[in-house]
Amino acid sequence: MKLAVLGGSFNPVHLGHLYLADAAISGFGFDRVLLVPAFRSPFKQGAAAPSPQDRLAMLAASIPGDPRLLIDDCEIRREGVSYTVDTLADIYRRYLPEGRLALILGDDLARDFPRWKKSDQILSMADIIIARRTLADTAEYPYPCRQMQNEAVGISSAQVRELIAQGKHWRYLVPAGARTIIEERGLYGLPDSGPAEDGVPAGDFVSGPGLIIRMEAEARRTLTLSRFLHSRQVAVMTADLCRIFGLDSRAGYLAGIVHDIGKHLGDEELVRLAKTDRLPISAVEKQKPSLLHGRAGAALLKNQYGIRDRDILDAVRFHTTGSGSMGPLAKALYIADKIESSREGVEPGLRDFRGYEGTGEQGLDRLFGKIFTETVAWLRLKKFDLYEGTLRQLERIERGVPR
Ligand SMILES: [Fe+2]
Ligand SMILES: [Fe+2]
């Protein structure tokens, strides 16, 4: 996977950012651009300055259904001043890019680059791509770089903030999802309009009627931000696995984005919903109802959202515990949930899918067997009681009968 990194404050994200990411993908053949919001914004902020969580939420709302764009919140989790050199090292470790990473710099920042912390080390780690942000012609820079032949989009975050503060036109300079969040939360000094009415997911009417887009908006509305970002990483990785193993990658993205949709429910509701699948509630599930969020999530998807695809419902149902009867999509989702790129503590080699391309169901079973047995070993180490379905699946793997 060829990766490029686009950092910044995203305060707020605007159309120029997304245009650059898109232009980098089509102009240089990247598979994916990682959008990495900085923890510490270099701009002066007033009393209504949005928190890092607000900036993340705006970004998360702005790229529904586009698996080419990822959000990585490592700088926000790290806190303190966000140095690119640390971020690049972290990204190499977690994403295992194909070849060298690329770092996209706007030409407004490019002149200062030699003064960045450990800029030499950055140059040794990443190819610098300079994108046009200003209307100036191409320029010479005292370090190796390539220049993107993009149109300069004359939008800046500072300009958007200023327009909002002055009560002027700003709304169509930012993606629709970010606009909704600015309005709902009253960011940048805008009067707070409160949350969208119940039953009308924020951003739904502006994002179009596609099922993936609607369900992504719903996941974003109902889950915590960190749970949503996890879901998006799972969606992208499940889609990748589906492509590698010859499955429908759109179904993979959809299963990933909704897989934790039952996660916000209380214990009573989890049990009530899980019971609708007519399977018994096991002793382990009774003891720990949070284990039911897969079963309850599948029930929600079927009853509340009208999703009927059996493979998607089963994948969501079994993603937490596994079961004795998992189909290929369920296996792909299970894998992605355990090792998606923002999860810490995953052995890097597990995310290396080279060599699996075109191996079909056999390859998927091999990878699934590896991840499943590692997960069970970890659960045993932590002395967790194992769900009956988990043990059945483990037995199948150990007997060499993966399905
Ligand atoms: Fe889950
Ligand atoms: Fe999950």
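Just so you know, all these numbers are worked out from the coordinates, no wet-lab data involved. No experiment lies behind these values; they were computed from the predicted model shown. Cβ sites come from the backbone with ideal geometry, for glycine too, and all protein chains shown count toward neighbours.
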Projected onto the charge dipole of the range 218-398 (unit charges on the beta-carbon of Lys, Arg, Asp and Glu, signs +1, +1, -1, -1), the Cα from Tyr387, Gly294, Val271 with the largest positive-side position is that of Val271
So for the pair Ala152, Leu391, with labels modelled 7 Å out along Cα→Cβ, what separation do we get in nm?
-> 6.9
Give, in nm to one decimal, the length gained when the segment between Leu123 and Glu347 is fully stretched (0.36 nm per residue of separation minus the Cα-Cα distance).
-> 78.0 nm
With a ≥ b ≥ c from the Cα gyration tensor eigenvalues, square-rooted, and the rule rounded for a/c under 1.5, otherwise prolate when a/b > b/c and oblate otherwise, the range 309-403 is rounded
State the answer as a single residue: which of Ile181, Gly27, Cys145 lies farthest towards the positive end of the charge dipole of the range 3-208, with beta carbon charges of +1 for Lys and Arg and -1 for Asp and Glu, about the Cα centre.
-> Cys145
The range 3-208 shape via C-alpha gyration tensor axes, a/c threshold 1.5 | prolate
How far is it, in nm, from the label point at Glu98 to the one at Val81 when both lie 7 Å from their Cα along the line to the Cβ?
-> 3.7
Calculate for the chain the 222 nm mean residue ellipticity that helices alone would give, adding -39,500 (n - 2.57) per DSSP H run of length 4 or more and normalising by residue count, nearest 500 deg cm²/dmol.
-> -14500 deg cm²/dmol
Residue separation between Tyr356 and Lys168 times 0.36 nm, minus their alpha-carbon distance, gives in nm 62.4 nm
Sequence of Met1, Met125 once ranked by neighbouring C-beta atoms within 10 Å, starting from the fewest | Met1, Met125
Ranked highest first by the average count of other Cβ atoms within 10 Å around their residues, in what order do 110-117, 331-338 fall?
-> 331-338, 110-117
